[in-house]
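Inspection log for the structure reproduced underneath, given as structure tokens.
The values are calculated or read from the model by the stated rules, or taken from the named source; none is laboratory data. From a predicted model like this one, the values you see are computed outputs, not experimental measurements. Cβ atoms come from the backbone with ideal geometry, glycine included; neighbour counts cover every protein chain shown. Side chains are part of the model used for accessible areas, which takes the heavy atoms of the whole protein and leaves out ligands, DNA and RNA. Shrake-Rupley method; radii C 1.70, N 1.55, O 1.52, S 1.80 Å.
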Amino acid sequence: MRSESEIIERLQEITKRPKGSGITLGIGDDCAIYRPKGSAEDLLFTVDLFIEGVHFLRKTHKAAQIGRNALARSLSDIAAMGGVPRFCLVSLCVPRWASDRWVAEFFDSLAQLAAHTETALVGGDLSRGEQCICDVTVCGVAPRGKALCRDGAKARDAIYVSGALGGSARGLESRKGKAWRRHLNPEPRLGLGVFLRDHLRATASIDISDGLSLDLRRVCLASGLAAEISDPPRFRGATLDQALHGGEEYELLFTVRPGIEVPEGFEGIPLTRIGTIIKGPPGEVRHNGSALPPMGFDHFRK
């Protein structure tokens, strides 16, 4: 198993959903979906790891930034599904090098974002170890049957992205200026996700966490189609490669039916059409007429 997708495919093969379980969507999307009997809402569940030495470095990331990012990453998954967060569970392996002040700043920052997004912190787990490892589970809600998934794109749908891409990758490279601040402080697009669900009736959606090229491929694979795109909007100073393949953007990539009028922006966030869903080999993405390899971030790629 040489990639994350191969491990996920293996898990899909060996797991089954019990009949009557209420699980309407399992492994393979931004969230799992559970439908309580008789409820007008579906429950969305997501979980994300944030690991020292993999996702951040203690010499470059302050405790407050780590705490905020740990929650923001999972909130972005809820946003991608057009959901509204309700509560979160936080597990933290406190590193031996961390002071009492570091732990306080970590949780103060996380709690601040939780309060801002009305996401109640209701529990979790604490342990001690050699490195900082944080695991955040978020439960959100969406109207019954209305959550945005990856598999709903249709041929001729228009492809859009929010914001400008490549800023996080540029910031990680330069470690200065607006790009670095963009990398350190991702903003989950929760309001936009609900707008896509209720007003644009988006057919598919995903948050760009591992790079446009890889995440668009995931939408195409799930939908059984291909895509043709042009250059995406770029964060100032970012290269085209950073915009196409850079991860940790947490902008939304979405598709809408032909003829849907998409505004130029939503609450100050630009919305830009970058291409079209087309018939073709499932998962194939073409950029300006040439095949675009999925060069985004994969933990397991050598």
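Within region 261-290, the residues that satisfy the criterion of being open to solvent by 70 Å² or more (accessible area, probe 1.4 Å), touching a strand residue (DSSP E or B) at 6+ places or on another chain (Cβ under 9 Å) and more than 13 Å from C220 (Cα to Cα) are E264, R273, N288.
L49 falls short on exactly one of the conditions (1) of a type in the set (A, V, I, L, M); (2) crowded, with 20+ Cβ neighbours inside 10 Å; (3) under 30 Å from S109 (Cβ atoms), and that condition is (2). Starting from region 179-202, keep only residues that are farther than 14 Å from T117 by Cβ, then list their pairs with residues that are open to solvent by 40 Å² or more (accessible area, probe 1.4 Å) and of a type in the set (A, V, I, L, M) whose Cβ atoms are within a distance under 9 Å, requiring at least 6 positions of separation or different chains. What qualifies is A179/L172; W180/L172; H183/L172; L200/I260; R201/I260; A202/I260.
Can you pull out the residues in region 104-140 that are closer than 25 Å to A32 by Cβ, in a strand (DSSP E or B) and of a type in the set (D, E, K, R)? D125, D135 - these are the residues of region 104-140 that are closer than 25 Å to A32 by Cβ, in a strand (DSSP E or B) and of a type in the set (D, E, K, R). Hey, does region 242-251 have a residue that's out of contact with any Leu (no Cβ under 6 Å at 6 or more places or on another chain), part of a loop (DSSP other than H, G, I, E, B), surrounded by fewer than 17 Cβ atoms within 10 Å (Cβ to Cβ) and not polar (S, T, N, Q)? Looking for residues that are out of contact with any Leu (no Cβ under 6 Å at 6 or more places or on another chain), part of a loop (DSSP other than H, G, I, E, B), surrounded by fewer than 17 Cβ atoms within 10 Å (Cβ to Cβ) and not polar (S, T, N, Q), one finds none in region 242-251, hence no.
Here T15 clears all of (1) farther than 30 Å from R182 by Cβ; (2) surrounded by fewer than 22 Cβ atoms within 10 Å (Cβ to Cβ); (3) in contact (Cβ under 8 Å) with a residue 40 or more places away in the chain except the condition numbered (3).
For region 124-137, state whether one or more residues are charged (D, E, K, R), closer than 22 Å to V194 by Cβ and open to solvent by 20 Å² or more (accessible area, probe 1.4 Å).
Within region 124-137, the subset charged (D, E, K, R) is 125, 128, 130, 135.
Okay, now just the ones that are also closer than 22 Å to V194 by Cβ, so none.
The answer is no; no qualifying residue exists.
Given the options R101, R58, R35, R96, name the one that is open to solvent by 30 Å² or more (accessible area, probe 1.4 Å), among the charged types (D, E, K, R) and in contact with a Ser or Thr (Cβ under 7 Å, 6 or more places away or on another chain).
Numbers: R101 fails: in contact with a Ser or Thr (Cβ under 7 Å, 6 or more places away or on another chain); R58 fails: in contact with a Ser or Thr (Cβ under 7 Å, 6 or more places away or on another chain); R96 fails: in contact with a Ser or Thr (Cβ under 7 Å, 6 or more places away or on another chain).
After applying the criteria, what remains is R35.
Among the residues of region 56-91, write down those that are in a loop (DSSP other than H, G, I, E, B) and either without any contact (Cβ under 8 Å) to a residue 60 or more places away in the chain or in contact with a Gly (Cβ under 6 Å, 6 or more places away or on another chain) (or both). Answer for region 56-91, where residues must be in a loop (DSSP other than H, G, I, E, B) and either without any contact (Cβ under 8 Å) to a residue 60 or more places away in the chain or in contact with a Gly (Cβ under 6 Å, 6 or more places away or on another chain) (or both): L57, K59, K62, G82, G83.
Residue check: N288 meets all listed conditions (1) under 20 Å from the mean Cα position of the chain (by Cα); (2) without any contact (Cβ under 8 Å) to a residue 60 or more places away in the chain but one, namely (1). Scanning region 21-32 for residues that are farther than 14 Å from G83 by Cβ, open to solvent by 30 Å² or more (accessible area, probe 1.4 Å) and free of Cβ contacts under 8 Å to residues at least 60 places away in the same chain yields S21, I23, I27. Scanning region 142-170 for residues that are in a strand (DSSP E or B) and touching a Gly at 6+ places or on another chain (Cβ under 6 Å) returns A142, I159.
Looking at region 111-138 only, could you name the residues that are of a type in the set (A, V, I, L, M, F, W, C) and either out of contact with any Lys or Arg (no Cβ under 6 Å at 6 or more places or on another chain) or farther than 18 Å from H61 by Cβ (or both)? The answer is A111, A114, A115, A120, L121, V122, L126, C132, I133, C134, V136, V138. Taken together, the criteria exclude F106 from residues that are buried (at least 21 other Cβ atoms within 10 Å of the Cβ) and closer than 20 Å to H299 by Cβ. Taking the criterion of being surrounded by fewer than 24 Cβ atoms within 10 Å (Cβ to Cβ) and either more than 10 Å from the chain's Cα centre (by Cα) or assigned to a helix (DSSP H, G or I) (or both), the residues of region 195-213 that qualify are F195, R197, D198, H199, L200, R201, T203, S213.
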